[in-house]
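Right, one structure below, let's go through it.
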Amino acid sequence: MASTFLLPKSISPFHTHPLSLPSTAHFTTTATKLSFLSPPDQSQRTKRQNLQTVHQKKKNEWLDPFDDGPDPDLVWGTLFTDGKQDEDPRPPDNPDNPYGFLKFPKGFNVEIASLGLMIRGDVRRCCCIISGGVYENLLFFPAIQLIKDRYPGVQIDVVTTERGKQTYEMNKNVRWADVYDPDDDWPEPRVYTDMVGCLKNRYYDMVLSTKLAGFGHAAFLFMTTAEFRASYIYPNVNAAGAGLMLSETFRPETTNLSDGGFHMYEQMIDWLGRPSRSVPREPLPPLKVSLSKKVKEVVEVKYRNAGAEKGKYIVIHGIESDSKASMQSKGDIDSLLPLEVWAKIAKGLRDVKPVFVIPHEKEREKVEEIVGDDTKIVFITTPAQLAALINDSAGVIATNTAAIQLANTREIPSIGLFCSEEKAELFVPDAEQKKCTIISSKTGKLIDIDVKAVKNAMRFSNVSLALV
């Protein structure tokens, strides 16, 4: 019993005789009094950690098996901790400077560049690899503006397809747009290695990808050596091994990301605008495009040569064609109408003239033959010229192409023709606020669209239309 005097007073002596063991209830009560087994703040700390991980994604244990998460007892200092990254003012570049090729982003300091990156998560250079054509790249514009607002002074580059690159003629936030098809599963070795070297030599801090990544595309992103590598991955077994090489992954519901419609990038946008220390959640800006004066002048010459006047014509877009310049979405294949249906719709216009947008010159003869020889036709293949044509029009009648989204960005009244109500709700949410009238087919096929319903919907705010 002499050894019992060395124990704390709050602990009763341990009984060594088997018959003198305490009951289960008494043992539980005694165990809760052991200060060295349960510190006073242990339960509170556990609750705090549980609250922090309620809405967090399940951590990939293969990335770092020794990472136990953030340290709750870590005390941050004042350097590179609070607020957004700073954008330092600097004089303009001197063209006569022999060292002008050394252009660092604003706020970039070579000696301490890694501190802001590791502590606060600064991003000075960002690369966005966008899968798809014009439609998919156009809907990524709000995400680009979000990155610009969240990381002041960031330089944003884009890697996309040939058609997708045309879209960034309307985006001033993008520095460079490179052509590389991320959807090509078997690229040429020389093209593949050249693009890997190009991205690596630019020293990006963050690389984003909207292509569904497997192990191959994840390895491509890993070789860029960016600190943050975020990408969508396959929702099936094809994503095996991709998470090992990515910092953040997003799993869509289907293998076609464009099925998500207007909010197809919702998961990535939610991650980009996440709050941090003393920085609230970054709101998602609306979809906007900018048009240059030169593009407007070129388009004005085109529609004047076709016989149309500014503000007195209706843009018709979505003619059935095999051209890649139709600007469809990969999430809505049934989004083009034959000319016979468009001819019936165009006969309902009197005070304003319809202007048919053709994606290829071979469609001109078909339009003149079916609609009429005096039909006003404009040949346009780039989204910037289409936006300029819509900007000078009285309204737009189009299927689910980029023309509907461009009309909404320029606040031009429009009529959208969809194969079903579900597609219309996905691609044009809040249609009434966007001055867009939705006409959907009742059979699920766009060709069965009700032409009378389209004619009844021809009411634009700028010009009163008289219907036949």
Rank-order 140-149, 401-410 by packing density, defined as the average count of other C-beta atoms within 10 Å over each peptide's residues, highest first. 401-410, 140-149
Could you tell me the center-to-center distance, by alpha carbons, between segment 176-195 and segment 373-425 in angstrom? 31 Å
Provide the per-residue ³J(HN,Hα) series for segment 437-444, in order, calculated from phi with Karplus coefficients 6.51, -1.76, 1.60 and θ = phi - 60°, each as a whole number of Hz, with x at glycine and proline positions. 9, 9, 10, 10, 7, 7, 9, x
Length-normalised contact order for segment 271-422 - Cα pairs under 8 Å, 6+ apart - percent: 28 percent
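According to the Kirkwood expression over distinct Cα-Cα pairs, how big is the hydrodynamic radius of segment 115-273, in Å?
Details: mean 1/r = 0.0639 Å⁻¹.
The answer is 15.7 Å.
Just by accessible area at a 1.4 angstrom probe, what is the order of Leu139, Leu284 from largest to smallest? Show your work: numbers first, answer last.
Working: Leu139 10, Leu284 85 Å².
Most to least solvent-accessible, the answer reads Leu284, Leu139.
Hey, which of these cross-link pairs are over 19 Å Cα-Cα: Lys165/Lys324; Lys330/Lys423; Lys296/Lys344? Please report the intermediate quantities before stating the final value.
Numbers: Lys165/Lys324 13 Å; Lys330/Lys423 12 Å; Lys296/Lys344 30 Å.
Listed pairs above 19 Å: Lys296/Lys344.
Name the GluC sites (Glu not before Pro) in segment 201-291 that are in a loop by DSSP and that have at most 14 other C-beta atoms within 10 Å, would you?
On the way: sites: Glu227, Glu248, Glu253, Glu266; in loops: Glu227, Glu253.
Qualifying residues, ordered by number: Glu253.
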Would you mind getting the accessible area per residue of segment 115-273, heavy atoms of the protein chains only, 1.4 Å probe, in Å²? 40 Å²
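I'd like to check one number: the per residue accessible area of segment 311-384, probe 1.4 Å, reported in Å² as a whole number. Walk me through the intermediate numbers first.
Numbers: 3270 Å² over 74 residues.
Ligands and nucleic acids excluded, the result is 44 Å² per residue.
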Here segment 429-436 yields Karplus 3J(HN,Hα) values (6.51, -1.76, 1.60; θ = phi - 60°; whole Hz; Gly and Pro given as x) of x, 6, 5, 5, 5, 8, 6, 10
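Stretch Ala453-Thr254 to full length: gain in nm at 0.36 nm per residue minus the Cα-Cα span?
Working: separation 199, 0.36 × 199 = 71.64 nm, distance 3.29 nm.
Computed gain between Ala453 and Thr254 is 68.3 nm.
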With a point put 7 Å past each Cα toward its Cβ, work out how far Glu421 is from Ser323 in nm, to one decimal. 3.5 nm
For Glu340 and Thr81, extending 7 Å from Cα along the Cα-Cβ vector and measuring point to point gives, in nm, a value of 7.3 nm
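Run the dipole for segment 293-466 about the Cα centre, Lys and Arg Cβ at +1, Asp and Glu Cβ at -1, nothing else charged, and hand back the magnitude in debye, nearest 20. Each step should come with its number before you reach the end.
Values: 26 positive and 25 negative charges, 105 e Å.
With only Lys, Arg, Asp and Glu charged at Cβ, the dipole is about 500 debye.
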Work out, step by step, the length gained on full extension between Asp73 and Phe215: first 0.36 nm times the residue separation, then minus their alpha carbon distance; give nm to one decimal. 47.4 nm
Whole-Å distance linking the alpha carbon centroid of segment 356-370 with that of segment 216-245 is 44 Å
Given Val371, Leu291, Ala398, which one lies farthest toward the positive end of the charge dipole of segment 276-403, if we put +1 on the Cβ of every Lys and Arg and -1 on the Cβ of every Asp and Glu? Leu291
Place +1 on the Cβ of every Lys and Arg and -1 on the Cβ of every Asp and Glu in segment 115-273, take the dipole about the Cα centre, and give the residue among Cys126, Ile144, Val154 whose Cα lies farthest towards its positive end. Val154
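Computing the accessible area with a 1.4 Å probe over protein heavy atoms, can you report the carbon and sulfur percentage for segment 293-466?
45 percent
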Quick one: with all protein chains in place, what share of the accessible area of segment 115-273 is carbon or sulfur, to the nearest percent (1.4 Å probe)? 53 percent
Computed accessible area, Arg350, all protein chains, 1.4 angstrom probe, square angstrom: 140 Å²
Trp186, Trp176, Trp342, reordered so the largest accessible area comes first (probe 1.4 Å): Trp186, Trp176, Trp342
What distance in nm lies between label points placed 7 Å from Cα along the C-beta direction at Glu297 and Thr443? 5.0 nm
Per-residue HN-Hα couplings for segment 384-397, Karplus 6.51 cos²θ - 1.76 cosθ + 1.60 at θ = phi - 60°, whole Hz, x for Gly and Pro? 5, 5, 5, 5, 5, 5, 5, 5, 9, 9, 8, x, 9, 10
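What dipole magnitude, in Debye to the nearest 20, does segment 115-273 give about its Cα centre under +1 on Lys/Arg Cβ and -1 on Asp/Glu Cβ?
On the way: 15 positive and 20 negative charges, 118 e Å.
So the magnitude is around 560 debye.
Grab the beta carbon distance between Arg277 and Glu361, set R0 = 56 Å, and tell me the FRET efficiency rounded to 0.05.
On the way: r = 57 Å, r/R0 = 1.02.
Result of the calculation: an efficiency of 0.45.
The values are calculated or read from the model by the stated rules, or taken from the named source; none is laboratory data. This is a predicted model, so every value here is computed, not measured. Every residue, glycine as well, gets a Cβ built from its backbone with ideal geometry; the counts of neighbours run over all protein chains shown. Each accessible area value is taken on the protein alone, full model and side chains, heavy atoms only, with ligands, DNA and RNA left out. Shrake-Rupley method; radii C 1.70, N 1.55, O 1.52, S 1.80 Å.
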